[in-house]
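Written below as structure tokens is the structure these notes are about.
No value in this document is a laboratory result; all are computed from the given coordinates. Quantities reported herein were computed from a predicted structural model and do not represent experimental measurements. FYI the Cβ positions are ideal-geometry reconstructions off the backbone, even for glycines, and counts take in every protein chain you see.
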Amino acid sequence: IFVTLNSAKQINNGQTLIYQVLARPKDPAQTNAVANNIKANMLIEHGGQDDFSVLKQEENLAASNAILNLLTGLIAGIAAISLIVGGIGIMNIMLVSVIERTSEIGVRKAVGATNRQILSQFITESAVLSLAGGIIGIILSLVIGYLVRVLTDIKPAVTWPIMIVALGAALIVGIFFGIAPALKAA
């Protein structure tokens with residue numbers, strides 16, 4: 001709530017605690033001069049103690065941008081770790097599958113299957129496995145988003161382009177981490 005100093009005094013029986021004062025110069029080109037003048041006057045009022053801060057709009061934006069960049073980096077790091085862990089899980093499952101199906105691979109080669117065909121089979125299997133995981137993840141995110149929307153005032157936004165990008169990322173991770181087991185199988 002924004003109130004004038006006199007109104008705040010009337011509401012609080014003559015006592016006010018000021019947390020923030022917003023000022024706008026008549027001429028925007030004078031912003032630095034006005035900020036310096038405010039700081040000088042505040043130092044006098046506070047007995048020379050620098051126990052306050054005078055921020056210009058650019059400084060507020062810079063602080064907000066720094067916080068947003070930090071959060072973006074943190075979230076990107078968590079996502080990268082999640083993708084690596086998921087990819088290693090896919091690779092382990094596919095390596096176990098290759099070991100269990102050694103005789104099947106031998107029979108296919110004896111019948112005339114080429115290394116390229118076996119390679120493409122296992123890469124396709126890892127891609128399908130990762131797409132299934134991506135679809136399950138999207139369904140879970142939609143369910144959780146719905147519950148958040150119903151139980152709170154927060155309105156999460158999940159769009160089709162984001163879902164397609166998520167599926168694409170899952171597919172790329174599945175193919176990348178499925179290459180080693182496919183090469184072993186071939």
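From helices alone, the chain scores -26000 deg cm²/dmol at 222 nm; the rule is -39500 (n - 2.57) for each run of n ≥ 4 DSSP H residues, then divide by the residue total.
Of the Cα atoms belonging to the chain, the radius of gyration and Dmax stand at 30.4, 96 Å.
For residue 109, which lysines qualify as cross-link partners when the Cα separation must be under 19 Å and same-chain residues fewer than eight apart are set aside? Straight-distance partners of residue 109: 184.
In the chain, the longest principal axis of the Cα atoms and the axis of helix 115-151 are about 40 degrees apart. Against the chain, whose longest principal axis is taken from its Cα atoms, helix 57-100 shows a tilt of about 10°. The packing ranking of peptides 20-33, 51-64, highest mean first, is 51-64, 20-33, where packing means the average number of other beta carbon atoms within 10 angstrom of each residue. Between residue 169 and residue 3, the modelled labels are 4.7 nm apart [label points 7 Å from Cα along Cα→Cβ]. Across the stretch 160-177, coupling constants 3J(HN,Hα) worked out from phi with the 6.51/-1.76/1.60 Karplus curve, θ = phi - 60°, read 4, x, 5, 5, 5, 4, 4, 5, x, 5, 4, 5, 5, 4, x, 5, 4, 7 Hz, and Gly and Pro carry x.
Test of understanding: in a Gaussian network model of the chain with alpha carbons linked when under 10 Å, which of 168, 48, 86 would top the mean-square fluctuation ranking? Top of the fluctuation ranking is 48.
Seen from all sides and averaged, what is the projected area of the convex hull of the Cα atoms in the stretch 94-172, in nm²?
Here the figure is 6.8 nm², rounded to one decimal.
Coupling constants for the stretch 25-42 follow from the phi torsions by the Karplus curve (6.51 cos²θ - 1.76 cosθ + 1.60, θ = phi - 60°), and in residue order they are x, 5, 10, x, 5, 9, 4, 5, 5, 5, 4, 5, 5, 4, 5, 4, 5, 5 Hz; glycine and proline get x. Here the gap between residue 107 and residue 55, fully extended at 0.36 nm per residue and compared with their Cα-Cα distance, gives a gain of 11.2 nm.
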